[in-house]
1. Just the residues that are part of a loop (DSSP other than H, G, I, E, B) and surrounded by fewer than 19 Cβ atoms within 10 Å (Cβ to Cβ), please, taken from segment 97-114.
2. Quick check on Gly300: is it touching a Pro at 6+ places or on another chain (Cβ under 8 Å), more than 10 Å from the ligand (Cβ to nearest atom) and not basic (Lys, Arg)?
3. Looking at this structure, is Gly219 in a strand (DSSP E or B) and either without any contact (Cβ under 8 Å) to a residue 60 or more places away in the chain or among the acidic types (Asp, Glu) (or both)?
4. List pairs: first in segment 128-150 and in contact (Cβ under 8 Å) with a residue 12 or more places away in the chain, second within 14 Å of the ligand (Cβ to nearest atom) and basic (Lys, Arg), Cβ under 8 Å, 6+ apart or cross-chain?
5. With respect to Val266, is the statement that it is touching a residue at least 40 places away in the same chain (Cβ under 8 Å), in contact with a strand residue (DSSP E or B) (Cβ under 9 Å, 6 or more places away or on another chain) and within 23 Å of Asn129 (Cα to Cα) true?
6. Go through segment 72-102 and report how many residues are under 19 Å from the mean Cα position of the chain (by Cα) and free of Cβ contacts under 8 Å to residues at least 24 places away in the same chain.
7. For segment 124-144, give me the residue count where each residue is surrounded by 24 or more Cβ atoms within 10 Å (Cβ to Cβ) and either assigned to a helix (DSSP H, G or I) or modelled with pLDDT under 95 (or both).
8. Examine segment 180-200 for a residue that is within 19 Å of Thr34 (Cβ to Cβ) and within 16 Å of the ligand (Cβ to nearest atom), and state whether such a residue exists.
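The values are calculated or read from the model by the stated rules, or taken from the named source; none is laboratory data. Model, not experiment: these values are computed from the prediction. Every residue, glycine among them, receives a Cβ derived from its backbone with ideal geometry; neighbour counts consider all protein chains shown.
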Amino acid sequence: MSESSRSSGSGLITIERHILREQERFPDATGHLTDLLYDIALAAKLIASRTQRAGLADILGSAGHENVQGEEVQKLDEYAQSTIYQLNDHTGRLCCMASEEEKDIIEIPPQYPTGNYVLVFDPLDGSSNIDFNVAVGTIFAIFRRRTASGPGTLEDVLQSGREIVAGGYLVYGSSTMLVYTTGHGVNGFTLDPSIGEFLLSHPDVRLPRKPKYYSANQGYEKYWSEGVRRYTRWLQGEEGSPMSLSLRYIGSMVADVHRTLFGGGVFYYPSDTKDPNKPHGKLRLLYEAMPMAYLIEQAGGYGSTGRGPILDVKPASLHQRTPVFVGNREVVEKAEEFIATHDR
Ligand code: AFP
């Protein structure tokens, strides 16, 4: 079925309808998770409309200045951060939030009620690519709170990926897509800008059985371990490999994982020796690795640190980094094998 025929006509399913249908699986649901997901979709529409005007920032004014309408122009990542925050701070659904952009947990202002959920997010992942018109994205995960009531605490945020109740990403590319899961398979929605609605365009997403691409910043190969270097040779068809994959790397995790999900293969950002302050690579466990591993596993794949499942790692701190390997299970498991053999 073509994209246009999937998203138009009598079979048209909007994100709202889809989220509500998901809620029907749980007769006791309060609707709070449903509303939370719907607000993330709303934030995405606002962020998408700004990212599409990104190149105009220089004309209309830059961060810290006013544009021709007299409004202050924010940098896009600040805009994404404040949009997600403002849509969620007062709803009574969250006990706290945490963002890649904020040092500490984000409390709910005392004048508003607190709720049962925790939202963690990377508001604009890949933002250094914006100047080059490359796809960027938002990554998110939702947990149930662990403390009983009152303001959320670190204990509510520092949960392992096994505790995620919903997660996914938005990609702001040639079209805007929301891809998410509540633990019952993965669904993809494409924003139809003419009606301002996300429409179900990719139901029940599964990784293709045949891997096609490997995706890593090979410019850093000299900083990689022996195991990761040999693994890369294996992906290229050496080291006794039965497959030979094509290389694709954008440098925007959302876009690279999106292609891996739909095209098959592996995306990895391993540990490296490039920066002694970041021995575990660049990516953040809570805001990048865990939500993506959760989603990829829901689509039949696997997410690993190179030594075991990402979802088993309990974060010790908010901005902890981790090596990441996500994609087809057998391809990711091969990374674990090479690392176990060569990187003792
Ligand atoms: P920015 O948000 O600073 O652009 O970083 C993006 C990112 O966190 C992730 O989206 C990419 O996969 C990764 O960094 C790219 O890092 P390298 O530039 O080191 O390859």
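1. Glu102, Lys103, Asp104, Pro109, Pro110, Gln111, Tyr112, Pro113
2. no
3. No, not satisfied.
4. Sorted first by the residue in segment 128-150, then by its partner, the list stays empty.
5. Yes; evaluated as a whole, the condition is true for this residue.
6. Selection size over segment 72-102: 4.
7. 3
8. no
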